[in-house]
Amino acid sequence: MSDLAIDIRNVVKRYDHHVAVRDLSLQIPRGSVYGLLGPNGAGKTTTIRMILDIILPDAGSISIFGRPNTEPGILNAVGYLPEERGLYKKMQVRRVLLFLAELKGIRPADASKRIDEWLERFSLVGERNWGDARVDELSRGMQQKVQFISTLLHDPDLVILDEPFSGLDPINAQALKDAVLELKQRGKTVIFSTHVMDNAEKMCDSVCIIARGEKVLDGGVAAVKKSAGARNVALSLAGGAHNGVSQLLRDPSFVRRCDDNNNYFELELYPNADAQLFLRKLIEAGANIERFELVQPSLHQIFLQRVGASGVETGMSGHG
Amino acid sequence: MDNKIWIVAKREYLERVRSRTFLAFTLLIPVFIAGVTMFPLYIAAKSGASTAIRHITILDATGTDLGDRVAKALMTDSTIARIPNDSVTPRVVKTTAAGLPASEQAAENEVKLPNHITGYLVLTDSTLDGKSARYSGRNASTIGDMDKLRSLVRQEVMVSRLEREGVRKDIVNDLATSNFRLTSQRLSESGRGGSGQAGIFAGISVGLLLFMSIVFHGQNVLRGVLEEKSTRVAEVVISSIKPESLLAGKVLGVGGVGLTQQAAWFAISAYLMNFLGPIILKAATKGTVVATTATSGTSAANAALGASFGGMALSIVAVSLLFFVIGFVFYASLYAAAGSMVNSEQEAQQAAMPVMLLLMSTWLMVNPVLINPNSKLALVLTWLPWSSPIMVPLRMGLTTVSPVVIAGSALVAVIGCIASIWLSARIYRVGMLMYGKKPSFAEVAKWIRYA
């Protein structure tokens, strides 16, 4: 059996006036947590849908666990949580889950047993057994749990989550992170797409950044960060940057890019700039420094650097 | 066959059959049909002569036995409802033209007393001439009573005059009570068919039934597709099953619901008409109905039912079923494609317009085909895949359609079906994941090429 969970080779998807995915090749190792990063409209969802054989590529090939993704039954090993979530509103929770599990090739009797376990695990049985309720009687949070159960009910070896954190409150987001790690421990492969770099940096073994339908870079998170160099400064200022300091942070002889968060700054220095001299200048300018540290750039910084501000629309690559 | 098609069909079927709407429609429609069929019978029974016309006084100023004859006829006529243990009989008062005003006054006073006679009938020389008689009474505006009275008097006048002319009494009686009927039978090249009336009735009912169920359940498919799209459940489902299979399962499941419903409708309607018919009629006449009336009521109900279904040959039933399945698949897959293109009910009605127009154009041709089932137009419509599902069973009820034509037209319709499924599946595949504005037809044409 192949060591690769997913092998995408030279995949192209064209629409009428634009190319959604351009000659994309990706190798996703078995058993890893893999982040597919990129701004909205970069082609993440299109790529995921092509993996799932929902839409067909114009060129190229995709295999899952070494077999073509068009092979009958191969998608039964995949669990998918789409970005746009929804269930049959008028159906009983248990029946929805049973239906989706049956579509993945699980026998009804097995599925029924697993549904009980999962409902228990997500505390959907208690004073009331929510399994017997209609989907539209559930709160939004409960519906998300049910949706997540439907993704994992057939115990897939490959789990694909499209923007899983969007719309989750902090508690559910934490629960999702725990679930992803547990899947990894059980040897499953998890792919998720996100534009929230912090999550990706904390959770992923490997990442791929795509923008405008093209791969910008990919590889292990550590390697990606290392290759980007250690020319970044993490700077915390008590009370923020006043006039002189603020000017210095934009000094083109030192600073190539400044990510200004009011009290916290992530600065990318020019390769030949002297970090010690820069620190002295800051003190001379009267900066109240709480932290000055040479760091590896965050994924967020790498993302901004490689994709460029033009590839990111406002609000699409927040720190959230 | 793909096992997943079956899973989808099962879900569609069970979820729909379990719903309260299905139960309501399944139970209420036959009640409605039975009601519509029974109501005229109820009215007819109610408007038949009531026992009240026996409680009258007959003022006979003819100088003959006409008054007695009418009284006797009133007592023996079996179509007049009868109250058990009712001993009241018409009273005959012999009088003269001169004494008539006084007798009338007396009778009128009697009518005005409570619980006495209903009215009085005046027979004069004019009556003997076959011209007129007079009636005054509380039930003078009851159409059934007056009709019965008029026909009885007329009959007795005729009988007595014939007897006076020397015609034998039994012949007179026979003529007077004969119940003349015209029955018609259809003749065709292949021999005798069912009754002509029943043929037309069967043709129309089959056509109407097919048309109605295709529209009704086609819309259901559309709504189902729209629901999957607007609740966004579609993407999860399509990640497990090919869109074509999802489409096929949906059409099968909803089609199964349609067949179930029609079977239930037929069974319940038949039950209501056969078993409840006499009971309803009994209630209508507020008393014991004379046996013959009850029988005629039941047979009328059976005739109504028989005209729509019983008059049909088994072959028409089989062909209708076959063409229902073909026609339903043809239209339902187009409805599914329409549903996948849009995001709301309002838009859906617009998107379904072309499908509706195709159906309506067929429906509008039913009348011309009824008038002349062998016209050029009828022949053309037999071969077009979108009209044949309605036209073939319709024409079979009206005329002779050769088995070769039926088989050929079914084949063409199946090919049409495959084309419609192919087209719809391509639109569906792209449309299911397209949100936002309603696509133009140019865009839909592009989807067909993408997929």
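The values are calculated or read from the model by the stated rules, or taken from the named source; none is laboratory data. Keep in mind that this is a model prediction, so the values were computed, not measured. Backbone-built Cβ (ideal geometry, glycine too); neighbour counts: all protein chains shown.
Observations, loosely collected:
To keep it simple, each residue is scored yes or no on (1) in contact (Cβ under 8 Å) with a residue 12 or more places away in the chain; (2) over 21 Å from B:PHE216 (Cβ atoms); (3) not in a helix (DSSP H, G or I).
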site	(1), (2), (3)
B:ASN374	yes, yes, yes
B:LEU377	yes, yes, no
B:VAL380	no, yes, no
B:PRO385	yes, no, yes
B:LEU394	yes, no, no
B:VAL401	yes, yes, yes
B:ILE415	yes, yes, no
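- Qualifying residue in the range B:413-435 (condition: over 19 Å from B:LEU247 (Cβ atoms) and more than 12 Å from chain A (Cβ to nearest Cβ)): no
- Cβ pairs under 7 Å, 6+ apart, first in the range B:207-232 and within 14 Å of another protein chain (Cβ to nearest Cβ) and without any contact (Cβ under 8 Å) to a residue 60 or more places away in the chain, second surrounded by fewer than 22 Cβ atoms within 10 Å (Cβ to Cβ) and among the charged types (D, E, K, R): B:THR231/A:LYS89; B:ARG232/A:GLU84
- Residues in the range A:120-133 that are in contact with a Lys or Arg (Cβ under 8 Å, 6 or more places away or on another chain) and part of a helix (DSSP H, G or I): A:GLY131, A:ASP132.
- B:MET432 being in contact with a helix residue (DSSP H, G or I) (Cβ under 7 Å, 6 or more places away or on another chain), among the hydrophobic types (A, V, I, L, M, F, W, C), under 30 Å from B:ASN374 (Cα atoms) and touching a residue at least 12 places away in the same chain (Cβ under 8 Å): no
- Tally, over the range B:336-373, of residues that are hydroxyl-bearing (Ser, Thr, Tyr), over 20 Å from B:VAL225 (Cα atoms) and surrounded by fewer than 22 Cβ atoms within 10 Å (Cβ to Cβ): 1
- Strands (runs of 3 or more DSSP E) contained in the range A:1-119 and holding at least 1 residues hydrophobic (A, V, I, L, M, F, W, C) and farther than 22 Å from A:ALA211 by Cα: A:4-14, A:59-64, A:78-81
- Search result, residues across the range A:95-126 that are within 18 Å of B:ALA9 (Cα to Cα), touching an Asp or Glu at 6+ places or on another chain (Cβ under 9 Å) and among the charged types (D, E, K, R): A:ARG95
- Scanning the range A:50-101 for residues that are surrounded by fewer than 22 Cβ atoms within 10 Å (Cβ to Cβ), charged (D, E, K, R) and within 11 Å of chain B (Cβ to nearest Cβ) yields A:ASP53, A:ASP58, A:GLU83, A:GLU84, A:LYS89, A:LYS90, A:ARG95.
- Of residues in the range B:422-443 being over 11 Å from B:MET341 (Cβ atoms) and within 42 Å of the chain's Cα centre (by Cα), the one surrounded by the most Cβ atoms within 10 Å (Cβ to Cβ): B:ARG429
- Only a single criterion out of (1) at pLDDT 90 or above; (2) over 15 Å from A:LEU158 (Cβ atoms) is not satisfied by A:ILE8, namely (2).
- When A:SER150, A:SER139 are screened for being over 19 Å from the mean Cα position of the chain (by Cα) and buried (at least 21 other Cβ atoms within 10 Å of the Cβ), only A:SER150 passes.
- Check on A:VAL307, within 30 Å of A:VAL12 (Cβ to Cβ), assigned by TED's automatic domain parsing to the domain that holds A:ARG49, surrounded by 13 or more Cβ atoms within 10 Å (Cβ to Cβ) and not hydroxyl-bearing (Ser, Thr, Tyr): no
- The range A:102-129 residues that are more than 25 Å from B:ILE238 (Cα to Cα), paired with ones that are surrounded by 11 or more Cβ atoms within 10 Å (Cβ to Cβ) (beta carbon under 7 Å, 6 or more apart): A:PHE122/A:LYS145; A:PHE122/A:ILE149; A:LEU124/A:TRP130; A:LEU124/A:GLY131; A:LEU124/A:MET142; A:LEU124/A:LYS145; A:VAL125/A:LEU119; A:VAL125/A:GLY131
- Among (1) of a type in the set (Val, Ile, Thr); (2) within 30 Å of B:PRO243 (Cα to Cα); (3) touching a Lys or Arg at 6+ places or on another chain (Cβ under 7 Å), the one test that B:VAL401 misses: (2)
- Residue check for A:LEU153: of a type in the set (A, V, I, L, M), more than 28 Å from B:ARG20 (Cα to Cα) and more than 8 Å from chain B (Cβ to nearest Cβ): yes
- The selection criterion, being buried (at least 18 other Cβ atoms within 10 Å of the Cβ) and either touching an Asp or Glu at 6+ places or on another chain (Cβ under 8 Å) or at pLDDT 85 or above (or both), holds for A:HIS300.
- Sole exception among (1) closer than 22 Å to B:ASP147 by Cα; (2) out of contact with any Lys or Arg (no Cβ under 9 Å at 6 or more places or on another chain) for B:THR79, by number: (2)
- Matching helices (runs of 4 or more DSSP H) fully within the range B:201-317 where at least 1 residues are at pLDDT 85 or above, in contact with a strand residue (DSSP E or B) (Cβ under 8 Å, 6 or more places away or on another chain) and under 30 Å from B:LEU423 (Cα atoms): B:234-238
- The range B:1-41 - residue that is modelled with pLDDT under 85 and not in a helix (DSSP H, G or I) and, of those, surrounded by the fewest Cβ atoms within 10 Å (Cβ to Cβ): B:MET1
- Members of the range B:42-58 found to be at pLDDT 65 or above and more than 16 Å from B:ARG138 (Cα to Cα), listed by number: B:TYR42, B:ILE43
- Candidates A:ARG95, A:ARG140, A:ARG114, filtered to the one that is more than 22 Å from B:TRP6 (Cβ to Cβ) and not assigned by TED's automatic domain parsing to the domain that holds A:GLY167: A:ARG140
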